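S.K.: Take this structure first; my questions come after.
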Amino acid sequence: MSNDLRDDQAAAVTMLLQAGKTIKEIVKFAELDNRGVTHVARTLDLEPASDVQRRAKQLYASAEGLTFQEIAKLLATQGFTADDDAPMHHLTVASWVKNYGWAWGGASDGDYAPERAAAAPARSKYTMRMSKAVDAQVNTASGIAAAATAAWKLLSSDKTHIVQLAIIQGAAAVGVTDLAAVKKALFDAHGDDIRNAKAI
C-alpha cells in the first residue's frame, strides 16, 4: 500500500484519526486518497474504542487469516454484539476494517484477500505488526524522551509550526513509533511554551 499524502496532509489525517474520525469521514471531508488515509491509519494503529472492536481487531490481525464471516461468527459465539447491540454480522466487521484501516493478518501487506491466502498459505518472513516485546524494545523511555526533544527542536527553531508534524518527524528521527507517548512527553516538558507561543 502506497502513501500518496504529503507530510502536512498525513499530519492532519493523524490528528483527525486521533480525534475519532473514520477513514470514510476523512476521505469525504478532506477529499483525500482513500489508500493514503488508510496507510496513515495503519501506521498510527489506534486502539479501538469498544471491547467488541478491540476483539474484532485482534481476530482480524491473527496470522490465521480469518475471513469477515469467520470473525463475525467467533465474536457472536464469544458473546459479543455490534456496538448498537445488534447481532454480529460480517458486514459490520467489514465496515470497521474500512473505517479504521486495520491490517489483516493473513497477508504480509495487510490487505484483506482471503482467496490469495488460500492459494498461497506460506507466510512471508515479514510482518506488518510489532509484537509487544518488539514494541517495548523500540519505544523505550529514553527513546520517547529523545523524540520529544527532537520534536521541540523542530518547533522552537520554527522549522514547523505544526505540533503533530513535529511529533511524527521527531519520532521518525529517533526510531520510535508510540506517537501518543512522544506527544505526552513533549507537552509535559514544553506544554506551556507550545500553548502560549504567539505568532509573529
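The values are calculated or read from the model by the stated rules, or taken from the named source; none is laboratory data. None of these values were measured; they are calculated from a predicted model. As a convention, Cβ positions derive from the backbone with ideal geometry for all residues, glycine included, and neighbour counts pool all protein chains shown.
Let's see how each residue does on (1) modelled with pLDDT of 90 or more; (2) within 21 Å of A171 (Cα to Cα):
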{"position": "V97", "(1), (2)": "yes, no"}
{"position": "S108", "(1), (2)": "no, no"}
{"position": "A113", "(1), (2)": "no, no"}
{"position": "V134", "(1), (2)": "no, yes"}
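S.K.: How about segment 1-90: which helices (runs of 4 or more DSSP H) wholly inside it have at least 1 residues that are within 21 Å of Y112 (Cβ to Cβ), within 14 Å of the chain's Cα centre (by Cα) and not assigned by TED's automatic domain parsing to the domain that holds I162?
M.R.: 7-18, 23-30, 34-44, 51-60
S.K.: Could you check segment 155-187 and list, in sequence order, the residues that are over 21 Å from L16 (Cβ atoms), without any contact (Cβ under 8 Å) to a residue 40 or more places away in the chain and assigned to a helix (DSSP H, G or I)?
M.R.: Of all residues in segment 155-187, those over 21 Å from L16 (Cβ atoms) come to 156-159, 173-176, 185.
Filter once more, so that each one left must be without any contact (Cβ under 8 Å) to a residue 40 or more places away in the chain: 156-159, 173-176.
S156, A173, V174 - these are the residues of segment 155-187 that are over 21 Å from L16 (Cβ atoms), without any contact (Cβ under 8 Å) to a residue 40 or more places away in the chain and assigned to a helix (DSSP H, G or I).
Per-residue answers, yes or no, for (1) of a type outside the set (A, V, I, L, M, F, W, C); (2) touching a strand residue (DSSP E or B) at 6+ places or on another chain (Cβ under 9 Å); (3) more than 16 Å from S95 (Cα to Cα):
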residue: D4; (1), (2), (3): yes, no, yes
residue: G20; (1), (2), (3): yes, no, no
residue: E25; (1), (2), (3): yes, no, no
residue: A30; (1), (2), (3): no, no, yes
residue: V37; (1), (2), (3): no, no, no
residue: R42; (1), (2), (3): yes, no, no
residue: P48; (1), (2), (3): yes, no, no
residue: A56; (1), (2), (3): no, no, no
residue: Y60; (1), (2), (3): yes, no, no
